[in-house]
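Chemist: Provided herewith is a single structure, encoded as structure tokens, for subsequent inquiry.
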Amino acid sequence: MSVDGRLRATALLLPMALLGHTLQLLGEDTPWAPHAWARYWRTPGWHLYLPPWSIVAIAVALIVSALGLAIRRTRPWVAAVIVTYVAHYLTYPYRIRNHMTLMLASLVAVAIAWVIGARLREGGRRLIDLRGRGAAPRLVDRYAVRGVAAVLCVTYFYAGLHKTNEGFLAFDERSAAFRGTTDFWIWGDLGSVAPTWAIALATYGTLVVEYAFPIVALFVPRLTIPCVIGLMCFHFPHVAVMNVADYPMLASAFYPSLFTAARWRLLERELYAPSRWNVAGAAIGMGAQLWWMPWWGELTIFGIGVMAIWGWWIGSMLRLYATAAARPKGARMAAEVAVR
Amino acid sequence: MSASSRATTSVRASSREAFRLRARLALGALATLLAINNALPYFGLRDDSCQAMFSSLHWEAGGNNHLFVPQNMRSDLWRGWNDVRAEVVSARPLDAHEQDLLRWLNQENRQLNTEATRAVIAQLCDRGHRVKLRYRHPDEATSRTTGDACAVPELSEPHAWIPVRLYETDGPSP
């Protein structure tokens, strides 16, 4: 698939992200319902210039591509997902969700690097071909990963920017932080009213996380792991009680791009080998979702899977820290220098 | 170093440098486009998919509730028509699809997004009908009427370059 482990990890997580996308669209837009058909025709967009069967065909092609990628993680399947997703986005006949533009921009970033790499030659060989071979596959994929990281930073920054308003900072029903924290408190059996400190933490914490964490994770490698854990903790209430597990899952599919290649190589060893840490993390993640989820719905059930993945991931990251902390100090410093 | 190996090294450096330059430019352009897309709510150009989920951000023609970003409406894409009443003048009876479109135009107490209204009227016009329309601009007290909405681009010509929905198609009348 790629010589770059971060891109391999993203390809591994993409089918799960696309499952969340599908569940949300099917669950909310219910395209089989009669009112959805009426809505199709009164929604402006390019789908009105195309026969309806072609819109369905594009959606089916995307699902097939995602399944193909889930079964065989190869570049042609990633390319198929990119092409079909772009077509799907541009012809989707209902509301374009926030996660859809993040997904579109991230996939286009990968496509841009791959296309530029495929058009340049070195000694008669392309820099990269559709099989991931070529004169400089590592260079090309590094830029693809950088592009994805830039998309993540811009996306989260704007999420924070939009929330810097009187409504979000109001500490009352107008604020999603207030409502979300209250729901989190109630469904977690923590009490019937969220304490002020929790609402303040959710309100100002949201701004700090969205403005800063992806950027700090990207530019301060020493803080990448704490920031990624922070992002996952920040998103947990969204997955657990706000019924929007699709967006956090989709965003997290691109979190590997926030790591340096060297740090990801270290983490990869932990991620792909079961340990007490990551198995316990997955169990805690699933347990937390089961404890908090307010009802059995398609996205809350999906959230169990999301929390299992994140728990595994967090457990692996913590084990990396624990292993490093257990080393003698001199070896720790040598390891730190090695991953810079 | 021989002349041929120097040449090989030079080719390698030049193609990789070309890649770096082009990738930086293209990815920079992508990030800029994404930033512009996400800023569209402040210009009245888009509400869907600008990362404003759960933001409690509210905007209107005169301003918004943001602490420091001003509101500067640049189009009517965000607007809605009030008190819309449509009548189709046609030589033949309307089919089910056309009746659906007409029913949507004639909803009680709904504000219809301008672009969605254009998309719907354009479909009726494309099918050879004439649409008589009464509608009220949100900033005006009295309604406007037209005997042939198909002849008024503001009412019947959706922006063909916009690929997807930008705003909710309709909402409660204010």
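Just so it is clear, none of the values below were taken in a lab; they were calculated from the coordinates. Model, not experiment: these values are computed from the prediction. Counting neighbours? That spans all protein chains shown, and the Cβs are built from the backbone with ideal geometry, glycine included.
Chemist: In whole angstrom, how far apart do the alpha carbon centroids of region B:100-160 and region A:99-131 sit?
Modeler: Cα centroid of region B:100-160 versus Cα centroid of region A:99-131: 44 Å apart.
Chemist: Run the lone-cysteine check on the protein assembly as shown: no other Cys C-beta under 4.7 Å from the residue's C-beta.
Modeler: Within the protein assembly as shown, the cysteines lacking a partner Cβ under 4.7 Å are A:Cys153, A:Cys227, A:Cys233, B:Cys50.
Chemist: Given a 10 angstrom Cα cut-off, can you work out which residue in B:Pro70, B:Pro41, B:Pro93 is the most mobile in a GNM of chain B?
Modeler: B:Pro93
Chemist: Further question on the same structure: Mind putting a number on the dipole of region A:111-252 about its Cα centre? Charges go on the C-beta only, +1 for Lys and Arg and -1 for Asp and Glu, and I need it in Debye to the nearest 20.
Modeler: So the dipole magnitude of region A:111-252 works out to roughly 1160 debye.
Chemist: Compute a Gaussian network model of chain A, connecting alpha carbons closer than 10 Å, and tell me which residue from A:Ser54, A:Ser65, A:Ser316 fluctuates the most.
Modeler: Comparing A:Ser54, A:Ser65, A:Ser316 in the GNM, the peak value goes to A:Ser54.
Chemist: A follow-up question, please. Can you figure out the FRET efficiency of A:Ala118 with B:Glu17, using R₀ = 25 Å and their beta-carbon distance, to the nearest 0.05?
Modeler: 0.90
Chemist: Same structure, new question: Could you give the size of the charge dipole of region B:45-147 about its Cα centre, using +1 on the Cβ of each K and R and -1 on the Cβ of each D and E, expressed in debye and rounded to the nearest 20?
Modeler: 320
Chemist: OK, next. Please return the longest stretch of chain A lacking exposed loop sites, where chymotrypsin sites (Phe, Trp or Tyr not before Pro) count only if DSSP places them in a loop and at most 11 other Cβ atoms lie within 10 Å.
Modeler: A:33-294
Chemist: Can you tell me how region B:38-77 classifies by the Cα gyration tensor, rounded, prolate or oblate, using a/c under 1.5 as the rounded cut?
Modeler: Oblate, since a/c reaches 1.5 and b/c is not below a/b.
Chemist: Pull up all non-local amide H partners of B:Asn65: gap of 5 or more, or a different chain, and H-to-H distance under 5 Å with H placed in the peptide plane.
Modeler: B:His58
Chemist: Which whole-Hz couplings ³J(HN,Hα) result when phi for each residue of region B:126-138 is put into the Karplus expression 6.51 cos²θ - 1.76 cosθ + 1.60, θ = phi - 60°, listed in order with x for Gly and Pro?
Modeler: 4, 8, x, 8, 10, 10, 8, 9, 10, 7, 10, 5, x
Chemist: Okay, moving on. Under 1.5 on a/c is rounded, so check that first for chain A, then, if it is not, pick prolate when a/b is larger than b/c and oblate when it is not; a ≥ b ≥ c are the square roots of the alpha carbon gyration tensor eigenvalues.
Modeler: Because a/c hits 1.5 or more and a/b fails to exceed b/c, chain A counts as oblate.
Chemist: Using a/c under 1.5 as the rounded threshold, could you call region B:1-133 rounded, prolate or oblate? The axes a ≥ b ≥ c are square roots of the C-alpha gyration tensor eigenvalues, and prolate needs a/b larger than b/c, oblate otherwise.
Modeler: oblate
Chemist: Helix-only mean residue ellipticity at 222 nm, chain B, DSSP H runs n ≥ 4 weighted -39,500 (n - 2.57), per residue, nearest 500. What is it?
Modeler: Roughly -12000 deg cm²/dmol at 222 nm, from the helical runs in chain B.
Chemist: Calculated from DSSP H runs of 4 or more alone, at -39500 (n - 2.57) each and per residue, what is the 222 nm mean residue ellipticity of chain A, nearest 500?
Modeler: -24500 deg cm²/dmol
Chemist: Report the FRET efficiency, 1/(1 + (r/R0)^6), for A:Val60 and A:Lys329, where r is their Cβ-Cβ distance and R0 is 56 Å, rounded to 0.05.
Modeler: 0.45
Chemist: Tell me which of A:Ala17, B:Ser90, A:Leu267 sits at the most positive position along the dipole axis of the protein assembly as shown, charges placed on C-beta atoms (Lys, Arg +1; Asp, Glu -1).
Modeler: A:Leu267
Chemist: Helix B:96-105 versus the longest principal axis of chain B: what angle, 0 to 90°, nearest 10, using Cα atoms?
Modeler: 90
Chemist: Also, quick follow-up: For B:Arg130, which sequence-distant residues (separation of 5 or more, or a different chain) have an amide H within less than 5 Å of its own amide H, given hydrogens modelled in the peptide plane?
Modeler: Amide H neighbours of B:Arg130: B:Val89.
Chemist: Once you list every other residue whose beta carbon is under 12 Å from the beta carbon of B:Ala160, what net charge do they have if Lys and Arg are +1 and Asp and Glu are -1?
Modeler: Local net charge: -1.
Chemist: Here is a further query. Can you find, among B:Asn113, B:Leu124, B:Val164, the residue farthest towards the positive end of the dipole of chain B? Put +1 on the C-beta of Lys and Arg, -1 on that of Asp and Glu.
Modeler: The Cα lying farthest towards the positive end belongs to B:Val164.
Chemist: Let me spell out the model: positive unit charges on the Cβ of Lys and Arg, negative unit charges on the Cβ of Asp and Glu, origin at the Cα centre of the protein assembly as shown. What dipole size does that give, in debye rounded to 20?
Modeler: The calculated dipole for the protein assembly as shown is roughly 2960 debye.
Chemist: Does a label point 7 Å from the Cα of A:Val83, set along Cα-to-beta-carbon, have any residues of region A:14-39 with amide nitrogen under 12 Å, and which are they?
Modeler: none
Chemist: Looking only at region B:23-51, which residues have a backbone nitrogen under 16 Å from a spot 7 Å from the Cα of B:Asp139 in the C-beta direction?
Modeler: Only B:43-45 fall inside the zone, counting backbone N under 16 Å.
Chemist: Considering only B:Arg110, B:Arg136, B:Arg92, give the residue with the highest GNM mean-square fluctuation for chain B, with springs between Cα atoms whenever their separation is below 10 Å.
Modeler: Highest fluctuation among the options: B:Arg92.
Chemist: State, to one decimal in nm, how far the label point of A:Cys233 lies from the label point of B:Glu168, with both points 7 Å from Cα in the Cβ direction.
Modeler: Here the answer is 3.5 nm between the modelled labels.
Chemist: List every DSSP H helix in chain A whose Cα atoms extend 30 Å or more along the helix's own long axis and whose mean Kyte-Doolittle hydropathy is at least -1.0.
Modeler: A:5-29, A:98-119, A:137-163, A:196-219, A:298-326
Chemist: Lys/Arg Cβ at +1, Asp/Glu Cβ at -1, dipole of the protein assembly as shown taken about the Cα centre: which of A:Ser106, A:Thr43, A:Leu223 is farthest positive-ward?
Modeler: Final value for the positive-end residue is A:Leu223.
Chemist: Could you check the spin-label model distance between B:Gln107 and A:Ala322? Points 7 Å from the Cα along Cα→Cβ, value in nm.
Modeler: Distance between the two pseudo-spin positions: 5.5 nm.
Chemist: Separate question: Near the amide H of B:Arg144, under 5 Å away, which other amide H atoms are found, from residues 5 or more places off or on another chain, if H is placed in the peptide plane?
Modeler: B:Tyr135, B:Arg136, B:His137
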